[in-house]
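Have a look at the structure below, then the notes.
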Amino acid sequence: MMREFFGTDGVRGPYGGPVINEAFATRLGQAAARWAGGKGVVFIGRDSRASGTSLAAALAAGLAAGGMRPVLLGVTPTPAVARAVAGEGAPLGAVITASHNPAADNGIKFFAAGGVKLTDADEARIESFLPALPGDPRAAGVLAQMDGTAAYVDAMAAYLEPGALAGMGVVVDTANGATCATTPAVLKRLGARVIGLGNTPDGSNINAGFGSEHPEALAAAVLAARAHIGIAHDGDGDRCVLCDETGAVLDGDEILVLLALDALRREQLAERTLVVTVQSNLGVDAAVRAAGGQVERTDVGDRYVLERMRACGARLGGESSGHIINLDLSPTGDGLAATLGVLAVMRSSGQPLSVLRRGLVKFPQGQRNLKVVAKRALADCVNLVAVQAELEREFGARGRAMVRFSGTEPKLRLLAEGESDAVVHGALDRLEAAARADLEIIPK
């Protein structure tokens, strides 16, 4: 379903631009309130970006104008907002965040009743209300406020018994974002020795050299501290990447396979099914099938993963980017919940992360991200479509080639998997050449 403003994960863009500004946030709040029925509490969280305060107030003004009762949660991880919506029975929740994007960007994403993300149809319906709404960012009066983190920290800490992580060294990179006050608190409560990185947010340094997009500092800190594990969140905390005790980084595919194989061994993987996206490595399918399970694949986007999970009865799924959804712990992607799951496996098995990660043997894979002046419909990129089709014929069942535009950034994403690194690099070279013939690429 066509949408003008919503992308893969909410509305996102440069702050002060044509979309992410206070006037549009007010209009979007009114439209969302109309979609939600115009009554009830709506929880609003934000990450640590300087622009988040005024955007949250503007969104609240629109929601209030639409008949709802906004409650500001302050700086709160995205999964904590989803948990609040589900736990309090609210009809709507919102987070002011641009996730892993730089501080100059911001965005707005919503949760429906139950703490689940909106569908494409829901977002299209909200957009349909926008043309008739004014964009006057007037204040909503005195807004209710609530601590958005306390209940979340309590719930996450209860996943393991007190002191379960005693003697364990954990490096935590919170990306100068929304998890600075939550993930370290949970791990310390469980007895871990926590070494912090990216934990001094100033409104402008979110994701800057730290976080899930920049795991180099995490790996170095793990080695320096002789820690058992490293954790890096993105700016709003709904994803994570991990680092084992040798300094090697694990992506979402490795985390998912580790959790799925453990659940299969315990006969606890619901429907014996793991849900991933088309972006995940083909080795995921091989590892899960060998253990007696099956893999379902969806389009890119954790909300599509969740939709498939609910449809097929699965409880575990996610993306290679580190969005991990464990419905036994959270109604949405949650980097802390994923980490606690991995720590539980490490503890029960007595195995270090460097050993547990071996459950996934990856097919050689390569990716390239090309920044474009403007996106086009892929069908209009005739050279790119033709080369992709040629590669798929050549690969057969021994590999694949994928092309897609990012839903949140002006980037074309290329992916290839094959039997060797040489095959993969050759495929990416052919895809990139075709892309340059169809699109204006911005030099790095």
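I need the strands (runs of 3 or more DSSP E) fully contained in the stretch 268-371, keeping only those with at least 1 residues that are under 17 Å from the mean Cα position of the chain (by Cα). Fully inside the stretch 268-371 and qualifying: 273-277, 294-298, 316-318, 324-326.
Regarding residue 244, is this residue at pLDDT below 95 and more than 12 Å from residue 325 (Cβ to Cβ)? Don't jump to the end; show me each part of the working.
Values: at pLDDT below 95: no; more than 12 Å from residue 325 (Cβ to Cβ): yes.
Criteria not met by residue 244.
Among the residues of the stretch 192-207, those identified as surrounded by fewer than 16 Cβ atoms within 10 Å (Cβ to Cβ) and either among the basic types (Lys, Arg) or not in a strand (DSSP E or B) (or both) are 200, 202, 203, 204.
Residue pairs whose Cβ atoms lie under 6 Å apart, separated by 6 or more positions or on different chains, with the first residue in the stretch 361-389 and closer than 26 Å to residue 282 by Cβ and buried (at least 16 other Cβ atoms within 10 Å of the Cβ) and the second polar (S, T, N, Q) and at pLDDT below 95, are 362/281; 363/281; 364/420; 365/281. When 32, 25, 64, 60 are checked against the criterion of being in contact (Cβ under 8 Å) with a residue 24 or more places away in the chain, in contact with a Phe, Trp or Tyr (Cβ under 7 Å, 6 or more places away or on another chain) and assigned to a helix (DSSP H, G or I), a single residue qualifies: 32. Among the residues of the stretch 148-169, those that are hydrophobic (A, V, I, L, M, F, W, C) and over 28 Å from residue 47 (Cα atoms) comprise 164, 166, 168. Please specify each residue of the stretch 404-430 satisfying the condition of being part of a helix (DSSP H, G or I), over 12 Å from residue 394 (Cα atoms) and touching a helix residue (DSSP H, G or I) at 6+ places or on another chain (Cβ under 9 Å). The answer is 430, and nothing else.
Within the stretch 411-430, identify whether any single residue is farther than 22 Å from residue 281 by Cβ, surrounded by fewer than 20 Cβ atoms within 10 Å (Cβ to Cβ) and either touching a Leu at 6+ places or on another chain (Cβ under 7 Å) or not aliphatic (A, V, I, L, M) (or both), and answer yes or no. There is no residue in the stretch 411-430 that is farther than 22 Å from residue 281 by Cβ, surrounded by fewer than 20 Cβ atoms within 10 Å (Cβ to Cβ) and either touching a Leu at 6+ places or on another chain (Cβ under 7 Å) or not aliphatic (A, V, I, L, M) (or both).
Condition check ((1) in contact with a Ser or Thr (Cβ under 8 Å, 6 or more places away or on another chain); (2) under 17 Å from residue 245 (Cα atoms); (3) polar (S, T, N, Q)) across all residues:
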residue: 325; (1), (2), (3): yes, no, no
residue: 337; (1), (2), (3): yes, no, no
residue: 362; (1), (2), (3): no, no, no
residue: 365; (1), (2), (3): no, no, yes
residue: 368; (1), (2), (3): no, no, no
residue: 372; (1), (2), (3): no, no, no
residue: 386; (1), (2), (3): no, no, no
residue: 391; (1), (2), (3): no, no, no
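There is at least one residue in the stretch 222-243 that is charged (D, E, K, R), in contact (Cβ under 8 Å) with a residue 60 or more places away in the chain, under 23 Å from residue 311 (Cα atoms) and not assigned by TED's automatic domain parsing to the domain that holds residue 397.
Against the conditions (1) at pLDDT below 95; (2) surrounded by 17 or more Cβ atoms within 10 Å (Cβ to Cβ); (3) among the polar types (S, T, N, Q), residue 183 satisfies every one except (1).
Selection of the stretch 210-260 for residues being surrounded by fewer than 23 Cβ atoms within 10 Å (Cβ to Cβ), under 14 Å from residue 172 (Cα atoms) and of a type in the set (Gly, Ala, Ser) yields 217, 219, 220, 221, 224, 225, 247. Candidates in the stretch 58-81 are the residues that are in contact with a strand residue (DSSP E or B) (Cβ under 8 Å, 6 or more places away or on another chain) and either at positive phi or of a type in the set (Gly, Ala, Ser) (or both); of these, the one that is surrounded by the fewest Cβ atoms within 10 Å (Cβ to Cβ) is 74. Only one of the numbered conditions (1) surrounded by 17 or more Cβ atoms within 10 Å (Cβ to Cβ); (2) among the hydrophobic types (A, V, I, L, M, F, W, C); (3) more than 23 Å from the chain's Cα centre (by Cα) is violated by residue 166, and that is (1). The residues of the stretch 82-115 that are within 18 Å of residue 34 (Cα to Cα), surrounded by fewer than 23 Cβ atoms within 10 Å (Cβ to Cβ) and aliphatic (A, V, I, L, M), listed by number, are 112, 113.
Residue 280 passes every criterion in (1) in contact with a Leu (Cβ under 8 Å, 6 or more places away or on another chain); (2) among the polar types (S, T, N, Q); (3) free of Cβ contacts under 8 Å to residues at least 12 places away in the same chain apart from (3).
Residue check: residue 336 meets all listed conditions (1) in contact (Cβ under 8 Å) with a residue 40 or more places away in the chain; (2) touching a strand residue (DSSP E or B) at 6+ places or on another chain (Cβ under 7 Å); (3) aliphatic (A, V, I, L, M) but one, namely (2). Inspect the stretch 68-79 for any residue being closer than 22 Å to residue 124 by Cβ and free of Cβ contacts under 8 Å to residues at least 40 places away in the same chain and give the result as yes or no. Yes, the stretch 68-79 contains a residue that is closer than 22 Å to residue 124 by Cβ and free of Cβ contacts under 8 Å to residues at least 40 places away in the same chain. Within the stretch 229-278, the set of residues being within 30 Å of residue 201 (Cβ to Cβ) and of a type in the set (Lys, Arg) comprises 239 only.
The values are calculated or read from the model by the stated rules, or taken from the named source; none is laboratory data. Keep in mind the model is a prediction, meaning the values are calculated, not measured. Positions of Cβ are generated from backbone atoms using ideal geometry, with glycine treated the same way; all protein chains shown enter the neighbour counts.
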